[in-house]
Amino acid sequence: MEQIGYTNPQTNLDAVFAALADPTRRAILSRLASGGLSVNEIAAPFEISQPAVSKHLKVLERAGLIERGVDEQRRPARLKAEKMAAAVEWLEEFRAFWDDSFDQLDHILTQMKQTKAKEADHE
């Protein structure tokens, strides 16, 4: 029996969302979208230490959002978008809800404008 709201543990969504919850980690992922970078290259624009960046990279790696290679003496990090795609797919399930909510809000605002215009005409 499938339980609504529960996801396949293979997708590891909890780890993905926990990793994405931190703005520094999101910024790191944005930097990696243009290609693989070393820890020093990743750390350059941030006002945090290289060990702190390494900790963020470990969280991203455990969540499956990046992979670390070995290139002689450096360990470049590369974006792995597959796990992020699983999170996007999960969020897509709520698109109909948000579309309906925005449609309802749009309808209410239109009614309010029409009511205000009618009141202005009667003054």
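Taken over the range 1-25, the criterion of being surrounded by fewer than 10 Cβ atoms within 10 Å (Cβ to Cβ), outside any loop (DSSP other than H, G, I, E, B) and modelled with pLDDT under 80 is satisfied by P9, Q10.
So which helices (runs of 4 or more DSSP H) stay within the range 37-123 end to end and still have 2 or more residues that are of a type outside the set (S, T, N, Q) and either touching a residue at least 40 places away in the same chain (Cβ under 8 Å) or loosely packed, with under 10 Cβ neighbours inside 10 Å (or both)?
Fully inside the range 37-123 and qualifying: 50-62, 82-92, 95-121.
Scanning the range 26-36 for residues that are part of a helix (DSSP H, G or I) and more than 10 Å from the chain's Cα centre (by Cα) yields A27, I28, S30, R31, L32.
The values are calculated or read from the model by the stated rules, or taken from the named source; none is laboratory data. Here the structure is a predicted model, which means the values were calculated and not measured. Every residue, glycine among them, receives a Cβ derived from its backbone with ideal geometry; neighbour counts consider all protein chains shown.
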